[in-house]
Amino acid sequence: MERVGCVNGVNVETLALAASSSASRSSSLGSISRCTAHIKWIGELQYEVYADGQTFSFTNESEDFANIKAGLSASPHFLASIGITLSTRYVANAAAQGVKIDSLDVWVEGVINTRTKDQVSDVAVKVYLRTGESESTIMALHEHTVQTSPFSETLTNHIDLTIEEIAPDWNGLTWCEPR
């Protein structure tokens with residue numbers, strides 16, 4: 001049973017306040033946000049990742065690197081982050097519109113080119129959404145979610161990448177300390 005004031009487990013009043021706050025910020029600042037991630041090598045091909053207040057372990061898998069297969073590579077993590085972001089947008093947008101979701105599955109598949117600039121990467125997403133709403137309501141929810149998702153713009157825009165030199169005297173940089 002849903003809690004009072006919640007749709008899909010989301011407090012609709014809190015969601016509305018967050019949306020209005022976000023809209024006022026984005027009108028004055030644009031929709032660009034700076035994020036940080038701190039990756040700490042802990043041995044072999046094992047890493048501790050600190051990003052956006054979260055901590056998780058990461059094991060790199062690469063057939064091109066010593067034929068070691070120990071865990072997920074960056075590509076499945078990337079695809080999963082697309083799926084999680086889209087899922088969250090669907091749930092929040094549905095809640096804001098009063099649409100109760102019975103089930104939601106987001107499948108993300110792609111070829112992520114990590115070898116050359118000459119090959120294309122592509123990502124396809126399939127959304128399986130079950131609700132008691134009409135097809136037109138579902139399509140409006142879908143269109144709004146796709147339109148407001150940060151991934152479509154991020155993936156199609158050019159990204160400048162700057163890799164700074166290694167500082168051998170690093171001694172505890174505090175720029176991106178884990179929380």
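The figures follow:
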quantity: The range 80-90 - phi-based ³J(HN,Hα) in whole Hz, Karplus 6.51/-1.76/1.60, Gly and Pro as x; calculated: 5, 5, 4, x, 5, 5, 5, 4, 4, 4, 4
quantity: Listed peptides 35-42, 5-12, 86-93 by packing density, highest first (mean Cβ within 10 Å); calculated: 86-93, 5-12, 35-42
quantity: In nm, spacing of pseudo-spin labels at Arg130 and Lys40 (7 Å Cα→C-beta vector); calculated: 4.3
quantity: Listed residue (Ala124, Pro76, Thr88) projecting farthest to the positive dipole end of the range 73-158, Cβ model; calculated: Pro76
quantity: Kirkwood Rh, Cα atoms: Rg over Rh of the range 73-158; calculated: 1.03
quantity: Estimated FRET transfer efficiency when R0 is 30 angstrom, pair His144-Val4 (beta carbons, to 0.05); calculated: 0.75
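Each value in this text was obtained by applying a stated rule to the coordinates, not by laboratory testing. What you are looking at is a predicted structure, and each value in this text was computed from that prediction instead of being measured. Don't worry about glycine lacking a Cβ; one is built from the backbone with ideal geometry, like all the others, and counts go over all protein chains shown.
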